[in-house]
Amino acid sequence: MTTVIVFAGLIVLLLSGMPVFAALGLTATVILLVFEGSISSVGDTVFSHLNKDILTTIPLFVLMAQVMIRAKVIDDLYDFANAIVGHVKGGLGVATVLSWSSVATALSIGASALPQMKRFGYPERDGLGVIAAGGTLGILIPPSGPMILYAIVSEVSIGALFLAGLLPGLILASVFAVFCIIQGSRRQGQKAPERQTLSQMIGATKTSVWALLAPPMVMGGIYFGIFTASEAAAVGALYALLVAVGVYRNFGWSDLFTCLHKTMRTSVMVFMIIAGASMFGHAITIIRLPVGITEFVAGVGLGPLGFIIAVMALIFVLGMFLEAIAIILITTPILLPTMIHLGIDPIWYGILLMVNLELAMITPPVGMNLFVIKGITDQPLSEVVKGAAPFVVLMLAGLALLIAVPSLATWLPYSAGFGR
């Protein structure tokens, strides 16, 4: 009953529009006052969670992303993918998927991709769907904000999680791309842009090479042990600044100020949420909520596979109403002790969680990408939802595959030397 009350109260606060950090902190405060009669332990708890070197990855990776978006380095990825595969039926959809979009880049890529899709005979619904779905892949592809948050809360290596997300991300992107090609080949009257010449392809590659080099530079350094995740974030931020200033030459002091301001706002927001989550995690430990869940699972004989399936179903439902950050910070402290008791690999679970959070971005009623695409296209939300529906099915299939074959997520980090 305590579990139900805590969950219900927290979800009501979140659905009321209260900021995530405030809802977590308020819930924790009430629990501590009721069961301990004091909140004197809050200060030490919050400080211990924020006094971690690994948190420097957050502002550094945010700065890297902001600079590459501001300097339009990211935009060249779409042009590159379009030059390589755009001439294939459905190729414009493939190019959108291969742009490794996030919510932020979906704004710029979506605005340019949709008119071109319509020009070559794409039904608008299909174009809306592929842009919305492609914009979810950023959660699995480093640097991923939700992945960093999960790593901090679960105390799992960020580098291991980054590596673990690469293969599942490539698999999902490939499945999306194949679907776009099949979908395009079946359309009547579907046209495709003319195949670009070799020189045009080489030109597009040269233009986008700086954006293409960023992920392998960051991830390669982590994989080969050249630098830690924190150092990788610093290298990535410096790389983005050097490219913006020295190569693109469209980045001035005002742009730097804008990027730093956005980085500061985003980072402070995340740190506030982590502070609230640390209070919440401390409070539920005081009332032995995780222990109670572990005992319940043991009592009903729910094994690791049954537990994972039940949790994934719960998170899928929560994703229809709550944002990704809230889901990570609410569920992880509660479920982590039970996962450890059952011998579930937290890296594997983290990737399953990220795929489920991708689903949350394109499932109504509050899927963030649905509203982003609706905003830039001014199309009815129902059309965006219908266009994204096939990709929801594909993601569910991908989630099932990762549950059935955990090594798809765990092989790469463990082969790089990250211990179990």
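The values are calculated or read from the model by the stated rules, or taken from the named source; none is laboratory data. Just so you know, these numbers come straight off a predicted model, no measurement behind them. For neighbour counting, all protein chains shown are included, and Cβ atoms are generated from backbone atoms with ideal geometry for every residue, glycine included. Just so you know, the surface numbers come from the protein's heavy atoms only, side chains and all, with ligands and any DNA or RNA stripped out. Shrake-Rupley method; radii C 1.70, N 1.55, O 1.52, S 1.80 Å.
Here are a few things to note about the model shown:
- Test result for GLY292, assigned to a helix (DSSP H, G or I), touching a helix residue (DSSP H, G or I) at 6+ places or on another chain (Cβ under 8 Å) and of a type outside the set (Ser, Thr, Tyr): yes
- Qualifying residues in segment 151-169 (those that are of a type in the set (Gly, Ala, Ser) and part of a helix (DSSP H, G or I)) - the one farthest from VAL46 (Cα to Cα): GLY169
- Answer residue from segment 134-150, given it is part of a loop (DSSP other than H, G, I, E, B), at pLDDT 75 or above and not polar (S, T, N, Q) and is farthest from GLU358 (Cα to Cα) among those: ILE141
- Tally, over segment 303-323, of residues that are assigned to a loop (DSSP other than H, G, I, E, B) and modelled with pLDDT of 80 or more: 2
- Tallying residues that are surrounded by 14 or more Cβ atoms within 10 Å (Cβ to Cβ) and under 20 Å from SER48 (Cβ atoms) within segment 260-285 yields 17.
- Test: residue in segment 327-334 that is modelled with pLDDT under 90, assigned to a loop (DSSP other than H, G, I, E, B) and over 21 Å from SER157 (Cβ atoms): no
- Residues being without any contact (Cβ under 8 Å) to a residue 24 or more places away in the chain, exposed (fewer than 13 other Cβ atoms within 10 Å of the Cβ) and closer than 23 Å to ALA397 by Cβ - total across segment 291-311: 1
- Condition check for GLY343: open to solvent by 50 Å² or more (accessible area, probe 1.4 Å), small (Gly, Ala, Ser) and under 27 Å from LEU167 (Cβ atoms): yes
- Of the candidates PHE227, PHE257, the single residue that is of a type outside the set (D, E, K, R) and either surrounded by 17 or more Cβ atoms within 10 Å (Cβ to Cβ) or at pLDDT below 85 (or both) is PHE227.
- Tallying residues that are assigned to a helix (DSSP H, G or I) and open to solvent by 30 Å² or more (accessible area, probe 1.4 Å) within segment 240-253 yields 7.
- At least 1 residues being at pLDDT 85 or above and open to solvent by less than 20 Å² (accessible area, probe 1.4 Å) is the threshold, and among the helices (runs of 4 or more DSSP H) wholly inside segment 363-420 those reaching it are 381-404, 407-415.
- Restricting ALA65, ALA113, ALA104 to those that are small (Gly, Ala, Ser) and modelled with pLDDT of 70 or more reduces the list to ALA65.
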